[in-house]
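Undergrad: Sharing a structure here in structure tokens format.
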Amino acid sequence: MRITVDHMSTSLPMDPADAMSPVSGSVMDRLVEANERYASQFTDPGMDARPVLKVAVVACMDARLDLHDALGLALGDCHTIRNAGGAVTDDVIRSLTISQRALGTRSVMLVHHTGCGLESLTEDFRHELEEEVGQRPPWAVEAFRDVDQDVRQSMQRVRTSPFLLHRDDVRGFVFDVSTGLLREIHRD
């Protein structure tokens, strides 16, 4: 069995077939070339790893979210932690704990979004993977049906973690991929 995940797509800057053609090289080659151009003009800003705004942003990995532009952030302003769905997992708590305890962040902003691919998945995804590869993944899919409730759950996970020093300034939002606007989600 082959597993596929449907997701909304946006226009790509190039035809995906061209990315693999011998003329243009692979996508990875293009990224490395872009980095070489970037590095040729790069100047070390002289900053350390402590975010200037003392905030960590946890968000979905969706390619339609350009967090720095959407939130008016500059290099060095925040820690950005991204995964499928922006789920607050044990690994996100690990990253937030390091961000707060070792690098001085005090605020946590959670950003989920409309039209998330996790809204169309279920835990059956894990069972399908098990059938295909012979073992069930140890992680939860973190699928959901109600994005607002998922943001509330994520806020609760952050606010109740004993590892985090700063749990009072935790706010959750839904980013609308059609308008670019954030909508704040409040506790029930």
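The values are calculated or read from the model by the stated rules, or taken from the named source; none is laboratory data. The structure presented is a predicted model; accordingly, all values stated were derived computationally and were not measured. Heads up, the Cβs are rebuilt from the backbone with ideal geometry, glycines too, and the neighbour counts pull from every protein chain shown.
Undergrad: Please specify each residue of region 69-105 satisfying the condition of being outside any loop (DSSP other than H, G, I, E, B) and out of contact with any strand residue (DSSP E or B) (no Cβ under 8 Å at 6 or more places or on another chain).
TA: Once the filter is applied, which keeps residues that are outside any loop (DSSP other than H, G, I, E, B) and out of contact with any strand residue (DSSP E or B) (no Cβ under 8 Å at 6 or more places or on another chain), region 69-105 yields 69, 90, 93, 94, 97, 98, 101.
Undergrad: Show the residue pairs meeting these rules: Cβ distance below 6 Å; 6+ apart or different chains; first residue within region 87-104 and farther than 21 Å from residue 142 by Cβ; second residue exposed (fewer than 15 other Cβ atoms within 10 Å of the Cβ).
TA: Filtered contacts from region 87-104: 100/165; 103/49; 103/50; 104/50.
Undergrad: I've got another one for you. Can you work out which of the residues in region 158-184 that are part of a strand (DSSP E or B) and free of Cβ contacts under 8 Å to residues at least 40 places away in the same chain is nearest to residue 66 (Cα to Cα)?
TA: Applying the first criterion (part of a strand (DSSP E or B)) to region 158-184 yields 170-175, 182-184.
Now narrow it down to the ones that are free of Cβ contacts under 8 Å to residues at least 40 places away in the same chain: 183-184.
On the way: 183: 16, 184: 18 Å.
My answer is 183.
Undergrad: Tell me, which residue of region 92-120 that is in contact with a His (Cβ under 6 Å, 6 or more places away or on another chain) and among the small types (Gly, Ala, Ser) is modelled with the highest pLDDT?
TA: By that ranking, first place goes to 99.
Each row is one residue, and each column tells you yes or no for (1) over 30 Å from residue 158 (Cβ atoms); (2) among the polar types (S, T, N, Q); (3) free of Cβ contacts under 8 Å to residues at least 12 places away in the same chain.
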| position | (1), (2), (3) |
| --- | --- |
| 34 | yes, no, yes |
| 40 | yes, yes, yes |
| 47 | no, no, no |
| 57 | no, no, no |
| 60 | no, no, no |
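Residue-by-condition table, conditions (1) modelled with pLDDT of 95 or more; (2) not assigned by TED's automatic domain parsing to the domain that holds residue 173; (3) not hydroxyl-bearing (Ser, Thr, Tyr):
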{"residue": "20", "(1), (2), (3)": "no, yes, yes"}
{"residue": "24", "(1), (2), (3)": "no, yes, no"}
{"residue": "56", "(1), (2), (3)": "yes, no, yes"}
{"residue": "81", "(1), (2), (3)": "yes, no, yes"}
{"residue": "90", "(1), (2), (3)": "yes, no, yes"}
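Undergrad: Turning to a different aspect of this structure: Applying the selection to region 145-188, what residues are of a type in the set (Ser, Thr, Tyr) and either over 13 Å from residue 86 (Cα atoms) or touching a helix residue (DSSP H, G or I) at 6+ places or on another chain (Cβ under 6 Å) (or both)?
TA: Across region 145-188, the qualifying residues are 160, 161, 178, 179.
Undergrad: Can we say residue 126 is within 21 Å of residue 54 (Cα to Cα) and of a type outside the set (Gly, Ala, Ser)?
TA: Values: within 21 Å of residue 54 (Cα to Cα): no; of a type outside the set (Gly, Ala, Ser): yes.
So residue 126 does not fit the description; no.
Undergrad: Considering region 114-157 alone, what residues qualify as being of a type outside the set (Ser, Thr, Tyr), touching a residue at least 60 places away in the same chain (Cβ under 8 Å) and over 16 Å from residue 88 (Cβ atoms)?
TA: Scanning region 114-157 gives 115, 117, 121, 125, 128, 129, 131, 132.
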